[in-house]
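Accompanying notes for the structure given below.
The values are calculated or read from the model by the stated rules, or taken from the named source; none is laboratory data. Every value quoted in this text rests on a predicted model; they were computed, and no experiment measured them. When we count neighbours, we look across all protein chains shown, and the Cβ atoms used for this are built from the backbone with ideal geometry, even at glycine. Remember, those area values only see protein heavy atoms, side chains included, never the ligands or the DNA or RNA. Shrake-Rupley method; radii C 1.70, N 1.55, O 1.52, S 1.80 Å.
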Amino acid sequence: MQNSASRVKSRFAAVMPWVGALAIAFALPAAAQPTIRGRLEAGDKEFAGGRVSDEYPVQVRAGSRLTVTTVATRPLMTAVFMQSPEDGLQTMEVGGNPVGDEFEWVYTHNITRDETVMVIVAGVAPVTQTGGSGSYAIRIEAPGGGVVQAGASPSPRVAETAPRRSGPVPAVITQQLGHFAAAAQEAGFRLVSQTPVGGALNNGTYEDVPISLSARQYFIVGVCDGDCTDMDLRLFAPNASVVAEDVADDDSPMLAFTASTAGEHRLRVMMPACSSEPCAYGIAIYVK
């Protein structure tokens with residue numbers, strides 16, 4: 001058993017008081033997006049000439065100025081592009097200087113129409129060469145007045161095989177999920193389904209699970225088997241913006257949030273650390 005009952009209850013208690021605050025926060029548009037950390041590596045989407053890339057869908061408004069700040073750690077060097085549905089691949093104005101072991105660059109682009117664009121972060125060299133792979137940080141914002149919502153986490157890689165959802169969820173998974181039930185019910189939540197979402201992922205991969213949500217309060221918890229030491233969750237709204245995430249270095253991610261929009265959301269299940277592939281996981285969804 002990976003998690004003791006006391007640990008589960010203490011973590012649950014720490015998360016749940018923020019539900020009310022999150023309901024208010026998600027109702028307000030953010031002026032700027034937080035820094036997102038990513039990594040370019042073999043298995044990511046190919047951009048061109050053996051280079052790999054990560055993609056970030058971003059909603060922008062006409063009259064705003066899109067600003068993308070990236071910080072790459074040597075030896076990685078990155079370039080940023082914007083893909084518009086109407087105008088295709090666009091280069092962006094860039095300025096910045098390398099400082100120490102980091103390359104910090106600021107890319108800008110004037111937005112002429114309301115649309116969802118794709119911000120593309122690509123290595124400047126093939127992934128097999130120096131400068132083509134490594135870690136980076138990215139911040140996306142529109143200080144000119146537009147509202148930007150970035151839905152991200154391109155890394156780890158998408159699962160190479162279809163998720164395993166047929167058959168019963170392993171007993172170790174249902175037992176771990178059961179430790180959350182009493183605390184959730186005491187807080188006024190109920191299970192959306194008695195059957196947990198289940199699957200299996202290889203090390204360093206992810207998959208997106210479609211889930212239909214109403215405009216209500218939710219609590220989502222994930223657990224994984226004994227070969228997994230880190231599992232993460234990120235929830236995307238129908239417009240691809242990030243609703244909630246838990247990417248802490250642990251094996252029982254939890255999301256407490258209010259869905260401001262009803263409809264089909266995407267729950268990204270990520271498996272950063274699995275010592276014996278594949279690692280089974282399970283997810284329970286509670287509503288209030």
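Odds and ends about this structure:
- Relative contact order of region 161-235, defined on C-alpha pairs under 8 angstrom at six or more residues apart (%): 43
- Surface accessible to a 1.4 Å probe, Y218 within the full protein complex, Å²: 10
- Under 5 Å from the amide H of S252 lie the amide H atoms of M231, each residue being 5 or more positions distant or on a separate chain, with H modelled from the backbone and absent for Pro and chain starts.
- Other residues with beta-carbon under 13 Å from the beta-carbon of L76 carry, at +1 per Lys or Arg and -1 per Asp or Glu, a net charge of -2.
- Accessible area expressed per residue, region 227-288, with surrounding protein chains retained (probe 1.4 Å, Å²): 32
- In this structure, the amide hydrogen of D225, modeled 1.01 Å from its nitrogen in the peptide plane, lies closer than 5 angstrom to those of A280, counting only residues at least 5 positions away or on a different chain.
- From phi via Karplus (6.51, -1.76, 1.60), per-residue ³J(HN,Hα) for region 199-210 in Hz, x at Gly/Pro: x, 8, 9, 7, 4, x, 10, 9, 8, 9, 10, x
- Karplus-derived HN-Hα couplings along region 49-65 (A = 6.51, B = -1.76, C = 1.60, θ = phi - 60°), whole Hz, x at Gly and Pro: x, x, 7, 10, 8, 10, 10, 10, x, 9, 8, 10, 10, 4, x, 8, 10
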